[in-house]
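Visitor: Input: one structure, supplied below.
The values are calculated or read from the model by the stated rules, or taken from the named source; none is laboratory data. These numbers were taken from a predicted model, which means no experiment stands behind them. Cβ placement follows ideal geometry from the backbone for every residue including glycine, while neighbour counts extend to all protein chains displayed. SASA here: full protein model, heavy atoms, side chains in, ligands and nucleic acids out. Shrake-Rupley method; radii C 1.70, N 1.55, O 1.52, S 1.80 Å.
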Amino acid sequence: MKLEIFDHSKGRYGSRVQHRAVSVNRRNAKISFSRQATEELGLSTEYAATFAKDSDSKNDWYVTFRKADPSGLPIRAHHGSGNAAGYSTLGITCRSLSSAILDSLKAKSGATLLIAQKPEIINGEEWYQLITAKPLRLN
């Protein structure tokens, strides 16, 4: 018998594949941005997010970020507890928005969606499309 050993030399415990993504959770109404998304988009707690749904198409969602925007949803740091103690993510909390996104995806409890690499210019502003055609997670 030959054993293949899995220890720290094989990889980090709890390491995750990073994507430029946004996660939506119905239970706690949190919409969290992945670490890669926050780094690439330069997000911080100084920004506010605005989400929009294209009413002409079936399921197109967009997000834009503005610094110190009073009309947007303020981005806050969500600090983990339990198994996620010591970790924090940036995101927003909005029950009506999280429910609307998940209802449009026909998801029961949560979903993780990729954020487009290049923004689209709509009405003179940069909007990033949320890729709803192939969610990373849908449950």
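Visitor: For the range 113-134, what are the residues that are more than 14 Å from Ala52 (Cα to Cα) and polar (S, T, N, Q)?
Guide: Gln117
Visitor: Kindly list the number of the only condition in (1) open to solvent by 50 Å² or more (accessible area, probe 1.4 Å); (2) at pLDDT 95 or above; (3) among the hydroxyl-bearing types (Ser, Thr, Tyr) that fails for Tyr62.
Guide: It fails just one condition, (1).
Visitor: Take Ala116 and tell me if it is free of Cβ contacts under 8 Å to residues at least 40 places away in the same chain and touching a Phe, Trp or Tyr at 6+ places or on another chain (Cβ under 8 Å).
Guide: Spelling it out, Ala116 is indeed free of Cβ contacts under 8 Å to residues at least 40 places away in the same chain and touching a Phe, Trp or Tyr at 6+ places or on another chain (Cβ under 8 Å).
Visitor: Another question, if that's okay. Checking the condition aliphatic (A, V, I, L, M) and over 23 Å from Lys134 (Cα atoms), which residue from Ala37, Ala21, Ala48, Ala107 passes? Quick ask: steps written out before the conclusion?
Guide: Details: Ala37 fails: over 23 Å from Lys134 (Cα atoms); Ala21 fails: over 23 Å from Lys134 (Cα atoms); Ala107 fails: over 23 Å from Lys134 (Cα atoms).
Of the residues listed, the single one that is aliphatic (A, V, I, L, M) and over 23 Å from Lys134 (Cα atoms) is Ala48.
Visitor: Let me ask another. Please count how many residues of the range 65-124 are surrounded by 14 or more Cβ atoms within 10 Å (Cβ to Cβ) and part of a loop (DSSP other than H, G, I, E, B).
Guide: 7
Visitor: Name the residues in the range 65-96 that are modelled with pLDDT under 95 and out of contact with any strand residue (DSSP E or B) (no Cβ under 9 Å at 6 or more places or on another chain), would you?
Guide: Residues satisfying the conditions are Ser81, Gly82, Asn83, Ala84.
Visitor: Another question, if that's okay. Taking the condition of being under 18 Å from Asn28 (Cα atoms), assigned to a strand (DSSP E or B) and out of contact with any helix residue (DSSP H, G or I) (no Cβ under 9 Å at 6 or more places or on another chain), how many residues in the range 125-139 meet it? Steps first, answer last, please.
Guide: As a first pass, look at the range 125-139 and keep what is under 18 Å from Asn28 (Cα atoms): 137-139.
Subsequent filtering for residues that are assigned to a strand (DSSP E or B) retains 137-138.
Right, trim to out of contact with any helix residue (DSSP H, G or I) (no Cβ under 9 Å at 6 or more places or on another chain) and you get 137.
Adding up the residues that qualify gives 1.
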